[in-house]
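K.L.:
Below you will find the structure I want to go over with you.
Each value in this text was obtained by applying a stated rule to the coordinates, not by laboratory testing. Since the structure is predicted, the reported quantities are computational estimates derived from the model, not experimental observations. So basically every Cβ, Gly included, is an ideal-geometry build from the backbone, and we count neighbours across all protein chains shown.
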Amino acid sequence: MDFIKKQFGKIKDLFHFNSKKEVVDFIIKLFFLISTIVSASFIVIIIVFITKEGIKPFVTDNGGIGSVNLVRFLTGTTWLEGTAFKSNLYSVGFIIINTLYISLLSLLIAMPIGVLTALFIAKIAPKRLSEILRTVIELLAAIPSIVYGLFGSGIILVFVYNLAKVFGVQSPGGNSVLATVLVLALMILPTITALSEVAIRSVEKDIEHGSLALGATKTQTNFKVVLTSAKSGIFSASILGIGRALGEATAVSLVAGNARSGPTLSFFQTTSTLTSTMLQGLKETTGIDYDIRFSVGIVLMVVILLTNAGLNFVKKRIGNVHVK
Amino acid sequence: MKKLVLLFSLFLTGTLVACGGAQEWDSSSNITLYTRDTSSGTRAGFMSGIGFDEAAEDDSLLADGFVIKDNTGILTSMATDEYGIGYISLASLDNTVKGLQFDGVAPTIANVINNTYGLKRPFNYVTRSLDDFANDTERDITLAFIAFLQTTDGADIVTNEGAIPLSSSESWDDIKADYDICLQDNSAVTIKFGGSDSIEKIALALTAAFAPKCGNFVPEHDHTGSSDGFKRTQGSEKDGDNYKHVGFASRPFKDTEVGTEGTQGQLAWDAIVAIVHLNNEVTNVTPEDLKKIYRGDYATWEQLLS
């Protein structure tokens, strides 16, 4: 106790504090500052680590294999030409296109369903029902991605395989763009629904009442007034949704088929995303084949940043109606 | 609301129809290839078994449109995909898929052990020459380890790791009386293991189980490839920095790799089986067939059957 008192005194003298209270206050503030620095520095550590590893294939000669050509890496249409561990001919160009294509398609499926569900929960459903539904959505959001992956490889692959047959197409066991899009749409649906619901609920009652008073029906009001007022929030929900779609690895690699060349635009053929490519064989590989996965990680981070920046730009252009 | 219900039921029926489409197996369909990724030991074993070694680590030699999955992924896919073909380790074969005969021999564990089933590779070991150990302790621990490989305890570990052990009848408890070395404290002794990286997992499991039974000697693993197995125990590098006490090779020893009497042997078989959907009409393949399928010379099942 004496020791602590002594230290208090020292700090008090050092910083010219007037009372013990101020010292305590200072220490607590310092504690908050340290936690902030710790949490914020992780992003720096991660970026530095990924960049350090990911840059290696381009700047070193990779143990005699030769350095990877950056332009070829960003534009090529085959993951690796030649024998693994002996070739430097890596490319992710087609995988970038695959990733964006798949994320966009899954957003196209998940967004209308999610927004309409949110509208139902927030405005139309009776109170009890909406509470139950909200819990269901929260549960869906909490399901880990590997479970979605297992569901996908057990149910969705079979469904897609048979669906392709109906269309007279032979799909490789259902491992395809469509299966990936369906799994991702399922995964981002709860995110979009939950956030859109918050946005819809925070639309001011006055706007709604005004619309109703002007003689618009409930449905007209919901679609033309509530949704347009909440569009900024709904857009934010989609941004988070597409972020999850771009970054999902486990579930995707179970249903995509992991194509090694592309891009794949046809619904029933195998595809691959940046994350599934990183994951494939990660635990068993070494050397350039390992380092190159970090380079793919850099590409993924850049793709996510650019997509988010683009969507945020669009969001600003759409404008905003005043909401609480 | 009525319309909604109608729409929903329409969708459901559509799905059911789509799922219940029981059609004849059509041999004019394209073959869908399933493969492990380039870092897989099963892939290396399969490709060398069908005479297509160069494709073990090179995806671009395979026919277009292949699907990359893991062992279980290929197994479950083959229960769905009527026109697919893949390969898995024999230990994981079950009756949800059809395991193809290889050169007319059915893929069973009995046929692997009696050496008639061809799509397999031996897991071999080689130790240093018995007069070439630094001291008797190291030699005796090595000999005890080799003896352990032949026991039922060793066989269980090999089975757990997905390979097929040779037949064994005695347990370690039956024979440990012959190995006094394991009664003393060996925690200061390091025994070095190396060679084939395909055997690394099995070797790690074996030493992890055996070290506590033999005075807690320290096993050191450095698996760099089959050719280093002999080279670093009895070959050109046996006295170098990378020397080993026990080396492994996931292939038969070559004529240039014949060691001194009693230092080489086999610990297990690694058997691989080509699998197809149960509806598939193919029952037997040759190594050439499989090579042609994986290289893309055969695009449809018709071409294989004709």
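K.L.:
What is the order of A:209, B:221, A:16, B:277, fewest Cβ neighbours within 10 Å to most?
P.N.:
Placing the least packed residue first, the sequence is A:16, A:209, B:221, B:277.
K.L.:
Given a Förster distance of 56 Å, report the FRET efficiency between residue A:124 and residue A:20 from their Cβ-Cβ distance, rounded to the nearest 0.05.
P.N.:
So, using R0 = 56 Å, E works out to roughly 0.45.
K.L.:
Still on this structure, please answer the following. Given a 10 angstrom Cα cut-off, can you work out which residue in A:23, A:166, A:136 is the most mobile in a GNM of chain A?
P.N.:
Of A:23, A:166, A:136, the most mobile in the Gaussian network model is A:23.
K.L.:
Now for a separate question. For chain B, what are Rg and Dmax over the alpha carbons, in angstrom?
P.N.:
Final numbers for Rg and Dmax: 24.0, 89 Å.
K.L.:
While we're looking at this one, here's another question. What lysines does residue A:20 reach when the alpha-carbon gap must be under 29 Å and sequence neighbours fewer than 8 apart in one chain are set aside?
P.N.:
A:5, A:6, A:10, A:12, A:29
K.L.:
I've got another one for you. Of all DSSP beta bridges in the protein assembly as shown, what percent run antiparallel (nearest 5)?
P.N.:
Here the share of antiparallel DSSP bridges comes out near 60 percent.
K.L.:
If I require 24 Å or longer along the helix axis, counting alpha carbons, and a Kyte-Doolittle average no lower than -1.0, what helices from chain B are left? Use full DSSP H segments.
P.N.:
For chain B, where a helix must reach 24 Å along its axis and average at least -1.0, the hits are B:2-19.
K.L.:
For the protein assembly as shown, treating each Cα as an identical point scatterer without solvent, what Debye log10 I(q)/I(0) comes out at q = 0.06, 0.07, 0.10, 0.11 1/Å?
P.N.:
Computed log10 I(q)/I(0) values: -0.48, -0.63, -1.04, -1.15.
K.L.:
Here is a follow-up. Have a look at A:3, A:101, A:63 and report the one farthest towards the positive end of the charge dipole of chain A, computed about the Cα centre with Cβ charges (Lys/Arg +1, Asp/Glu -1).
P.N.:
So the residue we want is A:3.
K.L.:
Further question: Add -39500 (n - 2.57) for each DSSP H run of 4 or more in chain B, then divide by its residues: what number comes out at 222 nm, to the nearest 500 deg cm²/dmol?
P.N.:
Value at 222 nm, helices only: -9500 deg cm²/dmol.
K.L.:
Sticking with this one: Could you pull out every whole DSSP H run in chain A that spans at least 27 Å of Cα extent along its own axis and averages 0.5 or higher on the Kyte-Doolittle scale?
P.N.:
A:20-59, A:93-119, A:177-201, A:287-318
K.L.:
With +1 on the Cβ of every Lys and Arg and -1 on the Cβ of every Asp and Glu, and nothing else charged, how large is the dipole of the protein assembly as shown about its Cα centre, in debye rounded to the nearest 20?
P.N.:
My answer is approximately 4540 debye.
K.L.:
Can you tell me the dipole magnitude for the stretch B:168-306 around its Cα centre, using point charges on the Cβ only (Lys, Arg +1; Asp, Glu -1), in Debye to the nearest 20?
P.N.:
260
K.L.:
Any idea which of A:166, A:209, A:112 is furthest toward the positive side of the dipole for chain A, if Lys and Arg beta-carbons carry +1 and Asp and Glu beta-carbons -1?
P.N.:
A:209
K.L.:
Here's another thing I want to ask about it. Could you pull out every one of the lysines with an alpha carbon less than 27 Å from that of residue A:315, ignoring same-chain neighbours closer than 8 positions?
P.N.:
A:123, A:205, A:218, A:224, A:231, A:324
K.L.:
In percent, how large is the relative contact order of chain B, given Cα pairs closer than 8 Å and 6 or more residues apart?
P.N.:
29
K.L.:
Hey, another quick one. Can you count the Lys pairs in the stretch B:121-270 whose Cα atoms are under 16 Å apart, with each pair 8 or more apart or on different chains?
P.N.:
Summing the qualifying lysine pairs gives 7.
K.L.:
Same structure, new question: Go through A:273, A:301, B:264 and say which Cα lies farthest out towards the positive end of the charge dipole of the protein assembly as shown; charges sit on Cβ, +1 for Lys and Arg, -1 for Asp and Glu.
P.N.:
Comparing the listed Cα positions along the dipole, A:301 ranks first.
K.L.:
Another one. For the residues A:255, A:44, A:198, what sequence is obtained by ranking on other C-beta atoms within 10 Å, fewest first?
P.N.:
By the 10 Å Cβ count, ascending: A:44, A:198, A:255.
K.L.:
Could you size up the charge dipole of chain A around its Cα centre, putting +1 on the beta carbon of Lys and Arg and -1 on that of Asp and Glu, and report it in debye to the nearest 20?
P.N.:
Taking the Cα centre of chain A as origin, the dipole is about 840 debye.
K.L.:
Okay, moving on. Of the candidates A:295, A:266, A:106, which one comes out as most mobile in a Gaussian network treatment of chain A with C-alpha springs shorter than 10 Å?
P.N.:
Looking only at A:295, A:266, A:106, the largest GNM fluctuation is found for A:266.
K.L.:
What list do you get for B:161, B:82, B:170 if you sort them by fewest beta carbons within 10 Å?
P.N.:
Arranged by neighbour count, lowest to highest, B:161, B:82, B:170 become B:170, B:161, B:82.
K.L.:
How much mean residue ellipticity at 222 nm does chain A get from its helices, if each DSSP H run of length 4 or more adds -39500 (n - 2.57) and you divide by all residues, to the nearest 500 deg cm²/dmol?
P.N.:
Mean residue ellipticity, 222 nm, calculated: -22000 deg cm²/dmol.
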